[in-house]
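The values are calculated or read from the model by the stated rules, or taken from the named source; none is laboratory data. All values derive from a computational prediction rather than experimental measurement. Please note: Cβ atoms are built from the backbone with ideal geometry, for glycine as well, and neighbour counts cover all protein chains shown.
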Amino acid sequence: MNQWLTLLQKEIVEMWRNFKWIWVPITFILLGVQQPITTYYMPQILDSVGNLPEGAVIKIPTPSAGEVLVQGLGQYTTLGVLIIVLSTMGIIAAERKSGVAAMILVKPVSYRSFVTAKWAGALLLLWFSFLIGYLSTWYYTGILFEWIPIADFFQSYFFYGLWFSLILTITLFFSASLLSPGIAGFCSLATVIVVNLVSSTLSNLLDWSPAQLTNYANQILINNSIPDDLVPVSLIAGGSILLLLSFSVIIFKKKELAS
């Protein structure tokens, strides 16, 4: 356990040195405040740049606070996912390529501790960044529109975070399997896109797909109720994370022993 905590501490310090603890949270905050502010001032923006005929009146229906928050979360499912993959794709592949992983594993360090400590460090950064970014969305939505109950906020935060954790674990899996961070990132994005497309196209058949977590979390904000399928989907997502993490350790060990 002491060995694992030492490796985790190393990961946290390394992310400080790479400024990930600065630029990732700031990027999530910028994504978070963009949607409620843009939605609130949209009539003024269109009026100033729209070149409309004189006397024209812009009437845009005021969205509910839940709809604004859902739109804000949509920023995280697009640009946020890209940030997660870009910040994680070299987590193992880059160290394998540079030889750092081999130097660490020469010591009595287990492959499982090495991989899981990196995963836990990246997970801490992800959940922290998403929390302060989503808090900024919730805060500005409350100031400009209406306050969403804090219970609904944390419920949607947890289930979105679970989906993002799965994306992070997918990226870790490809980073452990491939030597090139760029290829690992491409494969991760391609996998997430395919899962999203298949789940949205066959939504009636794939009610329990982990990609449905975002849709069910959105229903919490709009309908103030928890969908029936949310619990089994969450369990499947959690099981998928554990399975991918186990495969990451096994594949990484085989790759390192083979080299």
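Structure notes:
- Single condition ILE132 does not satisfy, out of (1) over 23 Å from VAL231 (Cα atoms); (2) modelled with pLDDT under 95; (3) of a type outside the set (Ser, Thr, Tyr): (2)
- Condition met for LEU162 (at pLDDT 95 or above and either of a type outside the set (Asp, Glu) or more than 25 Å from MET89 (Cβ to Cβ) (or both)): yes
- Qualifying residue in the stretch 141-150 (condition: in a helix (DSSP H, G or I) and either within 18 Å of the chain's Cα centre (by Cα) or of a type in the set (Phe, Trp, Tyr) (or both)): no
- Members of the stretch 170-208 found to be touching a Phe, Trp or Tyr at 6+ places or on another chain (Cβ under 7 Å) and under 27 Å from GLN71 (Cβ atoms), listed by number: SER188
- Single residue of the stretch 186-208 satisfying the filter (among the hydroxyl-bearing types (Ser, Thr, Tyr) and at pLDDT 90 or above) that is nearest to LEU172 (Cα to Cα): SER188
- Checking ALA151 against (1) under 26 Å from ILE26 (Cα atoms); (2) touching a residue at least 24 places away in the same chain (Cβ under 8 Å), the condition it does not meet: (2)
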